[in-house]
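Data first, discussion second: the structure below is written as structure tokens.
The values are calculated or read from the model by the stated rules, or taken from the named source; none is laboratory data. Computed from a predicted model, the values in this text were never measured in an experiment. Note that we place each Cβ from the backbone using ideal geometry, even for glycine, and neighbour counts take in every protein chain shown.
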């Protein structure tokens with residue numbers, strides 16, 4: 001009776017270990033995805049602001065200076 005119970009406990013511990021490893025890998029992947037999303041947002045937002053500034057300068061300031 002002990003051999004059957006020991007085998008069952010071993011399988012249970014193995015399943016818990018596999019689930020824990022998958023959980024940790026999923027948490028790491030989620031953190032990395034969040035960091036990548038934040039970095040992409042900052043990069044894209046910064047690029048957009050720079051482009052808006054350049055466009056404003058070209059369309060409003062430089063064109064008005066040429067006609068004045």
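Given the criteria surrounded by 10 or more Cβ atoms within 10 Å (Cβ to Cβ), modelled with pLDDT of 95 or more and assigned to a helix (DSSP H, G or I), does residue 40 qualify? Don't jump to the end; show me each part of the working.
Working: surrounded by 10 or more Cβ atoms within 10 Å (Cβ to Cβ): yes; modelled with pLDDT of 95 or more: yes; assigned to a helix (DSSP H, G or I): yes.
For residue 40, the condition - surrounded by 10 or more Cβ atoms within 10 Å (Cβ to Cβ), modelled with pLDDT of 95 or more and assigned to a helix (DSSP H, G or I) - is met.
Between 5, 14, which is surrounded by fewer than 10 Cβ atoms within 10 Å (Cβ to Cβ) and assigned to a helix (DSSP H, G or I)?
Working: 14 fails: surrounded by fewer than 10 Cβ atoms within 10 Å (Cβ to Cβ).
Matching residue, one of 5, 14: 5.
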